[in-house]
Amino acid sequence: MSKRAINFSAGPAVLPLPVLEEAQRDLVNYKGTGMSVMEMSHRSPAYDEIHQTTIATIRTLLSISDDYDVLLMQGGASSQFSLIPMNLMTSGKADYVDTGAWSTKAIKEARRVGSVNVAGSSEADEFNRIPTQDELQLDPTADYVHITTNNTIRGTVWNYVPEVGDVPLVADASSNIMSEPMDVNRFGLIYAGAQKNLGPAGVTVVIIRKDLVAKGDDGIGTMFQYRTHAAKNSLYNTPPCWPIYMVGLVARWVASQGGLEAMQRANREKANLIYDLLDASDFYRGTVVKECRSLMNIPFRLPSEELEKRFVAESAVAGMTNLKGHRSVGGIRASIYNAMPRQGVETLVAFMKEFERTHG
Ligand SMILES: *Cc1c(COP(=O)(O)O)cnc(C)c1O
């Protein structure tokens, strides 16, 4: 087999090699069934076991109580931007905190359904930080408060869970779910597209408090109601069986690594290798306020766009891919999710030092 890339993609992103190898072993004949998981009935005992185990492993890793349903849905996090207001904006208004492109998109979709109060925003600072609790102007009668826990494009993370009183807190955790422990009980709903930290694209995990499932509008389309999926344990219609199988393998891999505390430790160590270099360098410049730095997505700039182009080109020759920053912000971005091996980050840091030495 030719060498695997050191893949810094923001998503779909690198998966743990042991997971890919296990999937490969079972690809054409899953555990003696004579067929691939991709070919199985979603009503078969073999698939049912995969489905239940995937949900159970997610529940265990995140210590999710019986007050919550765990749903496996399709349509990506982007569909949740619409489903959340459709189901939860029952009195017609919600608070949103705008921390960059994904929050902005969530706000745009919520505005189609009702009235959005932008309760906080870091737009004036080019989204280089997360608003503080004191800055939030929350409406105590809002149907919910929406935040984006990790901002994949800007590289910021909420380092606190905002105090929102009795209003349900809704979080887009697409790019940092399962990268560290999370107190699910502080939230009404957490959602995440799988393709950053959980598996391949094609399934979205929704963790929703049961009272919010019940609160949902039952006048909207069947597939767009949370209660449809909650009542049938995400088997109302054909689920994305293969992505769910892969999420199950990834979740088991996380557990085998020691769970979310161990993930957090490893992620801190990996991120600090890069942040320490940025802090010590006059050549590289981090773009995020220190207290709000993401452990998952690390954007930085070089002295010129010309040097950034060369950085991307030369890093590719050295086996590292997808280091170009998002087209909307430019610069460089290293996405280092759970599955990025420490060795990959060490290779990047060594490359960065050498690049500075030869181009600085
Ligand atoms: C990637 C991403 C999305 C979009 O996810 P899709 O599954 O492509 O719809 C939304 N929010 C955040 C924070 C993301 O990182």
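The values are calculated or read from the model by the stated rules, or taken from the named source; none is laboratory data. Keep in mind the model is a prediction, meaning the values are calculated, not measured. Please note: Cβ atoms are built from the backbone with ideal geometry, for glycine as well, and neighbour counts cover all protein chains shown.
Structural remarks
- Filter result (in contact with a helix residue (DSSP H, G or I) (Cβ under 7 Å, 6 or more places away or on another chain) and within 18 Å of residue 197 (Cα to Cα)) within segment 270-295: 270, 293, 295
- Scanning segment 295-317 for residues being hydroxyl-bearing (Ser, Thr, Tyr) and more than 18 Å from residue 346 (Cα to Cα) gives a total of 1.
- For segment 47-90, residues that are away from the ligand (no atom under 16 Å from the Cβ), under 21 Å from residue 241 (Cβ atoms) and out of contact with any helix residue (DSSP H, G or I) (no Cβ under 7 Å at 6 or more places or on another chain) total 6.
- When 124, 119 are screened for being hydrophobic (A, V, I, L, M, F, W, C) and within 17 Å of residue 168 (Cα to Cα), only 119 passes.
- The listed residue being touching a Pro at 6+ places or on another chain (Cβ under 7 Å), modelled with pLDDT of 95 or more and either among the basic types (Lys, Arg) or closer than 30 Å to residue 252 by Cα (or both), out of 339, 334: 339
- Within segment 122-144, being hydrophobic (A, V, I, L, M, F, W, C) and within 16 Å of the ligand (Cβ to nearest atom) holds for 127, 130.
- Filter pass, residue 200 being assigned to a loop (DSSP other than H, G, I, E, B), touching a residue at least 40 places away in the same chain (Cβ under 8 Å), over 18 Å from residue 297 (Cβ atoms) and within 16 Å of the ligand (Cβ to nearest atom): yes
- Residues in segment 92-121 that are farther than 14 Å from residue 149 by Cα and within 16 Å of the ligand (Cβ to nearest atom): 105, 107, 108, 109, 110.
- Residue list for segment 157-194, restricted to those being within 16 Å of the ligand (Cβ to nearest atom) and of a type in the set (Gly, Ala, Ser): 171, 173, 174, 175, 179, 192, 193, 194
- Each residue in segment 321-352 was checked for being in a helix (DSSP H, G or I) and either surrounded by 15 or more Cβ atoms within 10 Å (Cβ to Cβ) or at positive phi (or both), and 7 pass.
- Condition met for residue 189 (over 27 Å from residue 16 (Cβ atoms) and surrounded by 24 or more Cβ atoms within 10 Å (Cβ to Cβ)): yes
- Inter-residue pairs, beta-carbon under 6 Å, first of a type outside the set (Asp, Glu) and in segment 117-137, second assigned to a helix (DSSP H, G or I), 6+ apart: 120/135; 129/292; 130/292
- Residue in segment 208-217 that is aliphatic (A, V, I, L, M) and either farther than 22 Å from residue 91 by Cα or without any contact (Cβ under 8 Å) to a residue 12 or more places away in the chain (or both) present: no
- Listed by position, the strands (runs of 3 or more DSSP E) inside segment 72-153 whose residues that are surrounded by fewer than 16 Cβ atoms within 10 Å (Cβ to Cβ) number at least 1 are 115-121.
- Given (1) assigned to a loop (DSSP other than H, G, I, E, B); (2) under 28 Å from residue 126 (Cα atoms), number of the condition residue 235 does not satisfy: (2)
- Meets criteria (more than 19 Å from the chain's Cα centre (by Cα), more than 21 Å from residue 128 (Cβ to Cβ) and among the hydrophobic types (A, V, I, L, M, F, W, C)) for residue 302: no
For (1) surrounded by 14 or more Cβ atoms within 10 Å (Cβ to Cβ); (2) under 24 Å from residue 333 (Cβ atoms); (3) under 19 Å from the mean Cα position of the chain (by Cα), each residue gets a yes or a no:
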residue	(1), (2), (3)
235	yes, no, no
238	no, no, no
244	yes, no, yes
275	yes, yes, no
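- Among (1) within 15 Å of the ligand (Cβ to nearest atom); (2) on the phi > 0 side of the Ramachandran plot, the one test that residue 240 misses: (2)
- From the options 44, 91, 65, residue that is of a type in the set (S, T, N, Q), touching a residue at least 40 places away in the same chain (Cβ under 8 Å) and touching a Ser or Thr at 6+ places or on another chain (Cβ under 9 Å): 91
- Some residue of segment 207-222 being within 16 Å of the ligand (Cβ to nearest atom) and surrounded by fewer than 22 Cβ atoms within 10 Å (Cβ to Cβ): no
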